[in-house]
Amino acid sequence: MTAPATGTGAEAADTPGAAKGPRPLNSPATKGGSSTTASPPPSVNRLLARAALLTAVFSAAGSLLGLVRDQTLAQLFGAGPGTDAFLVAWTVPELASTLLIEEGLAFAMVPAFSVALSRRARGERAAGGGDPVRALVAASLPRLALWLTGVGALLIATAPLLVDLLAPGLDDPGLAVDCTRLTATSLLSFGLTGYCSAALRAHRSFLAPATIYVAYNTGIITALFVCGGRWGVASAAVGVAVGGCLMVAVQAPSLWRRLRTGEAAPPAAPGSGARTAEETTAPPNEPQRGAGWPVDGGLLLTVLLFAAVRQSQVFIERFLASGLPAGAISHLNYAQKICQLPMVLSLMLCTVTFPVVARAVADGDTEAARDRVERDLLLAASVVLLGAAAVVASAPQLVQLLFQRGAFTAADTSATAGVMRVYAAGLLGHTLVGALIRAYFSGNRRAWYPVAAMAAGAAATGLLGALAVGPFGVRGIAAANAAGITLTAALLLYGCTRTVPLRTGRVAAALLCPLGGAVAAAAAGLAAAPLLGSLGATDPTAALALQLPLITLVFAAVTCLLGRRGFPALSVRLPRLGRPAPHPARPADEPTATATDDAAPTDRKSADVR
């Protein structure tokens, strides 16, 4: 295992090749059917499995702290005009997280760093004669920081206008403006965070990026307890600013060590044959870019537009809810936080397998890519549908257990639970969108169809929400969200055959099995609720302890029964660490995708989205 001499014990979880970068596919070691490259040694596989396990642990810890953050906000400030004002300002870091950490920069910068590492490994020099990786940083990081600083300053200056646009009927717009100006600082910190994460993942280092949400939520929780009594809900906005800086701080040392200790390209001695990037013909999967911004601008634009349009559903909800009585935005927010838990769990599986799909597409192995995407869709759908059944059946108990304390009253619990049950209808759509979008961008090329599909779903959300908010209030807004995202999922599933030839009819039929299981499980859970009350199980913990196993058993039984009744079933298997990814037979001289491909982007044009 290669690691910087200054690394700590935790850095041992980083994957091999951090200093040297990925091995080029046309290197001598990859030719002639060498078994050493076709399958990593067991020790490497164990290290990869350990790195993936630690990443999952820290990601789960970040999600848990996010739940604690929301519980703290609910306990201290409840669901009222103050929390509504903060949640409007919260829109800025929500959008920044999607664009700069989870999707936009990951799709753009991971391939760029992978290409630079590949050129370094081939002994090439950058245009000015230096190391390609450092040249990439010098060309991209200052520009990114300058642009983000400018946009952040613009948001601070125009915060009153932004609040009027997002929530014109807000009870306390002045507080929302103050919070927005504080959260606007997150643009720069989130951008630097996403940049560091992309660079480290390309270097096959995943531990530091996995800790960012632990640091972020720790900053917010600390600010709430330390400053909440003095500054009120504005302390949460202070925590966003502090947490953003902490996300950069936990990654910067690790990235600095890799840039400082990484192998630079050898100097060009006379007659040595060393070539610059301009003198080299890049492999087919490595695009030639000019001296300007060193990523595909079209790809970056499509990814950012898709993420922005997807996030616009939240804008639409808060815009419509701002005209309702105080607390409506808060009820929508708390309901979303609980409903997102099964969705996040299901999409973690797709994130792990995304590099496998990207590698298969890059290799032209569309059959392997199709099989992987189909399995991922059914597996993710099964997980989220089980969660949706639990949400429908146990919404009041979940809200009471997680949030009902302090300023969060029983009336808030009832309102939030009602919204949750409506949101549950859209959980499958949200999960399918999150899984399918990886297939569209797995080839690392621009794709306008998902932007159009997401725009159609957002338009449906806005139109239906405007019609339903009057007679149905927040539940009408939640129903519009579910309808809009379901429309987008259907459009993406239909159009995915342009990138990965999915068997759309087979996938749709297979989804009927877990869908029927979820309906039956939710009905069983609802029917059991009065019985549990009559038995004295009024405590939410006791009720959930009895209800959730019943829901799980009914879901599994009905899903299996429907599968045996003739509905087409897809082979569903969890991705296994340390084993080669399943691929059709390949020529002896062609490298085989292995666990290294599963765990990290390679010098091929693959990307990792967290």
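The values are calculated or read from the model by the stated rules, or taken from the named source; none is laboratory data. The structure presented is a predicted model; accordingly, all values stated were derived computationally and were not measured. A quick note on method: Cβ atoms are made from the backbone with ideal geometry, for glycine too, and the neighbour counts reach across all protein chains shown. The accessibility values were calculated without ligands, DNA or RNA, using every heavy atom of the protein model including side chains. Shrake-Rupley method; radii C 1.70, N 1.55, O 1.52, S 1.80 Å.
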Working only within region 172-221, note down all residues that are in contact with a Lys or Arg (Cβ under 9 Å, 6 or more places away or on another chain) and of a type in the set (D, E, K, R).
ARG201
How about region 385-424: which of its residues are in a helix (DSSP H, G or I) and among the hydroxyl-bearing types (Ser, Thr, Tyr)?
SER394, THR413, SER414, THR416, TYR423
Under 7 Å between Cβ atoms, which residue pairs at least 6 apart in sequence (or on different chains) link something in region 151-180 that is on the phi > 0 side of the Ramachandran plot and part of a helix (DSSP H, G or I) with a partner that is surrounded by fewer than 16 Cβ atoms within 10 Å (Cβ to Cβ) and of a type outside the set (A, V, I, L, M)?
none
If I filter region 395-426 down to residues being among the charged types (D, E, K, R) and within 23 Å of GLU317 (Cα to Cα), which single residue comes out as least open to solvent (accessible area, probe 1.4 Å)?
ASP412
When region 518-545 is examined, which residues are found to be modelled with pLDDT of 90 or more and either among the aromatic types (Phe, Trp, Tyr) or more than 16 Å from ARG421 (Cβ to Cβ) (or both)?
ALA520
Within region 72-98, residues within 14 Å of TYR195 (Cβ to Cβ) and surrounded by fewer than 24 Cβ atoms within 10 Å (Cβ to Cβ) come out as SER97
Could you say whether any residue in region 124-131 is part of a helix (DSSP H, G or I), among the aliphatic types (A, V, I, L, M) and open to solvent by less than 50 Å² (accessible area, probe 1.4 Å)?
no
When only residues in region 553-570 that are at pLDDT 90 or above and surrounded by fewer than 16 Cβ atoms within 10 Å (Cβ to Cβ) count, which is farthest from CYS513 (Cα to Cα)?
LEU553
Of (1) modelled with pLDDT under 85; (2) assigned to a helix (DSSP H, G or I), HIS331 satisfies all except one. Which?
(1)
Contacts under 6 angstrom Cβ, first residue in region 546-559 being in a helix (DSSP H, G or I), partner at pLDDT below 95 and of a type in the set (Ser, Thr, Tyr), 6 or more apart
GLN547/SER394
Within the bounds of region 357-376, is there any residue that is modelled with pLDDT of 80 or more, open to solvent by less than 30 Å² (accessible area, probe 1.4 Å) and not in a helix (DSSP H, G or I)?
no
Of all residues in region 207-246, count the ones that are part of a helix (DSSP H, G or I) and open to solvent by less than 40 Å² (accessible area, probe 1.4 Å).
26
Any residue in region 451-471 that is in a helix (DSSP H, G or I) sitting within a Cβ distance under 7 Å of a residue that is among the hydroxyl-bearing types (Ser, Thr, Tyr) and open to solvent by less than 20 Å² (accessible area, probe 1.4 Å)? List the pairs, counting only those 6 or more apart or interchain.
VAL451/THR302; ALA453/THR488; MET454/THR488; ALA456/THR488; GLY457/THR488
Filtering region 481-530 for residues that are outside any helix (DSSP H, G or I) and either surrounded by 16 or more Cβ atoms within 10 Å (Cβ to Cβ) or more than 27 Å from the chain's Cα centre (by Cα) (or both) leaves a count of 3
Scan of region 307-330 for residues that are of a type in the set (D, E, K, R) and open to solvent by 20 Å² or more (accessible area, probe 1.4 Å), ordered by number
ARG310
Reported set for region 153-196 where residues are over 17 Å from LEU95 (Cα atoms), crowded, with 22+ Cβ neighbours inside 10 Å and modelled with pLDDT under 90 is LEU170
